[in-house]
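> First the structure, which I've put down as structure tokens, then a few questions once you've had a look.
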Amino acid sequence: MRHLPRLRGAVSASLCCSSPTHIRTTTAVAAVATTSSSSTKTQSLQRRTLSTSLPRSDAVEAYTPPQGLKPPPQARKAAVRPDKITDPAYEPAQDGLELEEVGGLDGWWENPDNYGVGRQWVGYGPAEKITDPAVLEVAVYRALVEAMVARRQMNTPDTTPARDALLESGWGPAALTATTVQTKLCGGSHGTLILKPTEDVETATAAEQEAEVTEEAKEQLEAAVTPEQEAEVVEAKEEVTAVASERVAEITEETKEEAETGVASGQETETEVKEEVDATEDSADHVISTEEARALLKEIGHEWKRPMIKDLIYKYFVAKRIYKLTGHRIPDGKLVAINSGGVLLKEIVKPPKAKKLAEEIENKQLFQSLPNVKVFPRRVTPIDKEKMVGRWKVIREELERRGLPVIGTANIDNAIEKKWVTGAK
Amino acid sequence: MAVKALHAISQGRNGVGAFILQCKRIDLHYCDWAGSSRGMNGFIKSLLPKFAAAHPEIEFTVSPRPAKHPVAIGHYINGRSKPICVRNMEPYEILKKLELLRDASGEKLKKVTKPVRSINESVRGIWSPYHGNGMPL
Amino acid sequence: MAGKGMRCLSEAMRGLSLGAQTCRTVPVRTAPLISRRSMATEAPVSKITRSVAEKWTPITTVPVTVHSFPDLAPRSLETYSAKHLYLPLRRDILHLAVVYEGDNTRQGTAQAKTRWEVAGSHRKVRPQKGSGRARVGNKQSPLQRGGGKSHGPRNRDFGTKLNRKVYDLAWRTALSYRYRRGELIVTEDGLDLPLPEDFLQQAQDGLLTRELEDAFIEKYVGEMLGAMQWGKAHGRTTFITGEERMNLFTAMGVAGENGRALELEDVDVKDLLETGRIVVERSALKEMIKRHRSDLVTSIFLPGQKNTKETTMGTVVYPSSKVSYA
């Protein structure tokens with residue numbers, strides 16, 4: 001009988017002490033115990049000993065199976081007596097060759113009744129990656145907007161639940177995507193990506209004008225702004241973007257607005273925030289279709305693709321949001337190089353690398369215009385060659401007429417005459 | 001009997017008047033998995049489009065041959081073929097091999113021992129013991 | 001003559017010296033050249049040249065996202081020094097390290113008996129002369145059947161040496177290679193494989209035979225890693241933890257075709273280069289780098305002097321208490 005410490009049991013998981021020395025001592029105790037007495041008595045809570053013996057019959061009887069997983073039937077130690085057999089079709093075997101194999105636990109878990117259902121891995125993102133370029137572009141834009149709102153909230157305290165809820169929410173209703181996308185992103189005074197102030201904002205501050213400056217004027221501004229001024233500009237920019245993002249905040253989740261105003265009033269409680277988050281999560285996630293995405297893309301434009309993204313935490317938020325929305329995990333190594341919305345989009349929309357050269361040739365249309373080049377996706381076999389010259393049909397007919405195998409040797413040995421000719425033994 | 005000189009007629013030779021490339025087809029085989037095909041795969045992707053465009057008179061076939069070294073096989077109008085294994089070669093080395101296949105005549109390689117080789121008959125004619133004065137003893 | 005030459009030289013040296021220039025920027029000579037010569041077609045300015053005024057700021061730190069394990073949700077963001085996780089690929093150094101490890105992993109316990117070690121009498125087999133047969137000595141001769149081996153394998157150490165700093169660089173180069181390719185996934189501490197509770201309960205209650213347990217784990221882990229695109233079809237996965245985690249290690253032992261699990265102590269550079277991706281828990285990654293940075297930190301400590309070569313490792317960027325809007 002084999003004893004191996006293997007799995008950490010369900011019970012032991014809660015009782016388990018994480019200190020390694022503790023585990024070591026219990027193992028030692030269990031090891032001593034198993035050598036001294038029977039294994040059934042010394043079942044340790046820390047480590048379960050597994051054996052190759054059959055399941056204990058008493059345990060099977062007393063057991064009520066939990067959710068879905070069906071334990072195997074009790075092992076039978078003796079055959080049913082012939083006089084107790086009810087099946088009229090039963091005929092006892094006369095020798096060993098006639099015995100049929102019945103039962104057994106091979107492929108026991110292949111049956112969903114035994115294995116249970118709903119054991120699929122559930123990841124952070126959707127089960128299927130989104131590959132449609134238009135939908136991806138909308139998703140990236142939405143992620144950029146929402147991540148910017150979340151990033152800006154980091155300055156105000158006690159917004160962590162609201163921020164997490166924003167970053168970890170799904171697509172939400174279709175209207176949410178549409179309204180989020182209406183918020184414009186553009187280049188700020190330093191060429192970095194910011195939320196564009198809306199037209200209805202009347203507070204025309206100097207910072208707002210700076211935020212709207214075009215690419216040409218940017219350089220002049222940059223030259224003029226000293227480090228001290230820069231800090232002021234950043235602050236002023238935040239005020240502007242706060243107004244702009246209120247629209248987003250209103251629609252995406254009221255929680256954010258509350259969290260912002262909560263700094264002043266200090267009356268909002270976290271429970272309220274959570275309730276509202278739950279309320280928004282109840283509405284089914286609507287992943288937009290290609291047509292919807294194309295319509296939204298006309299509104300979005302391309303202005304957001306150029307400006308720089310430098311802030312690391314913002315990038316992290318964006319990556320997290322994109323993973324949630326599209327299922328594309330942006331690895332950290334790539335995050336380093338991503339410095340604008342356009343680069344980010346390109347990274348995600350990029351089709352997966354072709355695994356085979358023939359596929360790559362097909363994708364890139366390398367020999368499309370060359371009539372003298374033929375590309376075969378698989379090995380050209382002798383049969384293929386015969387087919388190309390139209391001889392295969394004849395060969396097949398002739399082989400069939402002679403009763404010979406068309407493909408393969410049909411396990412016929414080499415010709416015996418060969419031995420006579422070559423003299424081999 | 002008056003000796004009549006034979007009129008020399010120009011013989012049909014490749015390159016006189018017309019040139020027919022001897023190489024009619026080049027097969028390229030590669031493997032998707034093996035490392036020895038890396039150069040060949042790169043060649044097919046990067047250099048073959050240009051090479052094939054420059055040689056419309058040669059037919060190219062590209063097909064995988066899994067678990068085998070990459071090979072380029074030239075087929076010639078004399079019915080012979082010339083296979084060259086291009087394992088572990090860089091794309092530009094393979095290009096050189098393809099140029100070799102293109103320029104080859106398809107004939108079996110022969111050892112050239114004579115400094116001059118010509119298909120023109122000798123102006124002196126073939127020596128005969130029954131003609132001429134012979135050597136006085 | 002010599003004096004004049006000397007003066008010219010010193011003048012030239014003065015011109016070259018840094019002190020002679022007010023500012024260390026490279027002088028840009030554009031306007032006079034263009035004004036002097038006008039060309040019919042002026043070549044466009046190449047984009048590969050960089051403005052001198054723009055300061056070159058190399059990457060010093062790189063981000064590392066810490067995920068929760070089974071669902072891979074991003075949990076926090078840390079930064080590591082570029083010298084830890086963003087080194088350029090050096091195949092030669094990796095080769096050195098892998099060969100070094102391979103040499104030192106060899107057991108070197110092969111041993112064959114020489115003629116002096118083969119047991120038995122060393123009596124002359126037959127007389128030197130008179131038998132009509134070849135002359136022979138004793139039966140331990142390598143020419144005899146059952147005799148000793150002439151140049152057989154002996155117990156020996158095949159180990160080779162590699163400078164510690166080179167090996168440590170190789171280690172971090174391997175990590176950097178994985179990081180750059182996006183094949184280094186960092187998880188929260190306590191990386192373990194969550195097997196279903198009902199299965200664990202049944203296994204603990206002894207309802208399942210070992211074969212059934214293995215079959216369940218194989219199916220469960222296979223399906224899970226398949227769904228994550230981490231399984232056999234995607235090049236397997238190596239899990240690295242600080243110490244042995246029961247469920248993870250048992251599961252990967254059973255479902256070995258989909259990956260492997262290693263304790264930190266057992267990891268070599270070669271292990272980091274094998275399989276499709278490396279999944280490592282946060283503390284294990286930190287410990288790995290800590291153990292392999294002999295070329296970055298000095299081992300000489302002087303009182304009152306800070307280790308200036310120390311670089312940042314695993315600095316938490318988000319979520320942290322102190323944040324500022326950049």
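The values are calculated or read from the model by the stated rules, or taken from the named source; none is laboratory data. None of the values given here were measured: they were computed from a predicted structure. Backbone-built Cβ (ideal geometry, glycine too); neighbour counts: all protein chains shown.
> I'm trying to understand the selection: among the residues of the stretch B:22-79, which are within 19 Å of residue B:99 (Cβ to Cβ), in a loop (DSSP other than H, G, I, E, B) and either within 12 Å of chain A (Cβ to nearest Cβ) or among the aromatic types (Phe, Trp, Tyr) (or both)? Even if it seems obvious, please write down each step before you answer.
The initial filter retains those residues of the stretch B:22-79 that are within 19 Å of residue B:99 (Cβ to Cβ), namely B:22-30, B:39-40, B:42-62, B:70-77.
Remaining after also requiring in a loop (DSSP other than H, G, I, E, B): B:22, B:47, B:55-58, B:70, B:77.
B:47, B:55, B:56, B:57, B:58, B:70 - these are the residues of the stretch B:22-79 that are within 19 Å of residue B:99 (Cβ to Cβ), in a loop (DSSP other than H, G, I, E, B) and either within 12 Å of chain A (Cβ to nearest Cβ) or among the aromatic types (Phe, Trp, Tyr) (or both).
> Counting only residues that are under 23 Å from residue C:257 (Cα atoms) and surrounded by fewer than 22 Cβ atoms within 10 Å (Cβ to Cβ), how many does the stretch C:201-212 have?
Here the count works out to 4.
> Then there is this: State yes or no: is residue B:97 without any contact (Cβ under 8 Å) to a residue 40 or more places away in the chain and within 18 Å of the chain's Cα centre (by Cα)? Break it down stepwise before answering.
Details: without any contact (Cβ under 8 Å) to a residue 40 or more places away in the chain: yes; within 18 Å of the chain's Cα centre (by Cα): yes.
So residue B:97 passes the test.
> Moving on to the next point. Would you check which residues across the stretch A:352-376 are touching a Ser or Thr at 6+ places or on another chain (Cβ under 8 Å) and not aromatic (Phe, Trp, Tyr) and list them? If you could, list the steps in order and put the result at the bottom.
The initial filter retains those residues of the stretch A:352-376 that are touching a Ser or Thr at 6+ places or on another chain (Cβ under 8 Å), namely A:373-376.
Passing the criteria: A:373, A:374, A:375.
> To continue, here is another question. For the stretch A:100-118, give me each residue that is modelled with pLDDT of 85 or more and more than 12 Å from chain C (Cβ to nearest Cβ).
A:113 - this is the single residue of the stretch A:100-118 that is modelled with pLDDT of 85 or more and more than 12 Å from chain C (Cβ to nearest Cβ).
> Which of the residues that make up the stretch C:229-247 are among the polar types (S, T, N, Q) and within 7 Å of chain A (Cβ to nearest Cβ)? Spell out the reasoning first.
Kept after step one, since they are among the polar types (S, T, N, Q), are these residues of the stretch C:229-247: C:229, C:237-238, C:241, C:247.
The answer is C:247, and nothing else.
> Any idea which of C:100, C:86 is surrounded by 12 or more Cβ atoms within 10 Å (Cβ to Cβ) and within 14 Å of chain A (Cβ to nearest Cβ)?
Step by step, each of C:100, C:86 is checked, and only C:86 is surrounded by 12 or more Cβ atoms within 10 Å (Cβ to Cβ) and within 14 Å of chain A (Cβ to nearest Cβ).
> Which of (1) under 38 Å from the mean Cα position of the chain (by Cα); (2) surrounded by fewer than 10 Cβ atoms within 10 Å (Cβ to Cβ); (3) free of Cβ contacts under 8 Å to residues at least 60 places away in the same chain does residue A:81 not meet, given it meets every other one?
In the conditions (1) under 38 Å from the mean Cα position of the chain (by Cα); (2) surrounded by fewer than 10 Cβ atoms within 10 Å (Cβ to Cβ); (3) free of Cβ contacts under 8 Å to residues at least 60 places away in the same chain, residue A:81 misses (1) alone.
> Could you tell me whether residue B:31 is under 22 Å from the mean Cα position of the chain (by Cα) and modelled with pLDDT of 95 or more?
Numbers: under 22 Å from the mean Cα position of the chain (by Cα): no; modelled with pLDDT of 95 or more: yes.
Taking the combined requirement at face value, the residue does not satisfy it.
> Counting residues that are among the small types (Gly, Ala, Ser), within 21 Å of the chain's Cα centre (by Cα) and more than 9 Å from chain A (Cβ to nearest Cβ), which helices (runs of 4 or more DSSP H) fully inside the stretch C:119-228 reach at least 1?
Numbers: elements: C:164-180, C:197-204, C:210-227.
Where helices (runs of 4 or more DSSP H) fall fully within the stretch C:119-228 and carry at least 1 residues being among the small types (Gly, Ala, Ser), within 21 Å of the chain's Cα centre (by Cα) and more than 9 Å from chain A (Cβ to nearest Cβ), they are C:164-180.
> Residue A:323 is checked against (1) more than 30 Å from residue C:86 (Cβ to Cβ); (2) within 11 Å of another protein chain (Cβ to nearest Cβ); (3) of a type outside the set (D, E, K, R) and fails just one. What number does that condition carry?
Result: residue A:323 fails condition (1) only.
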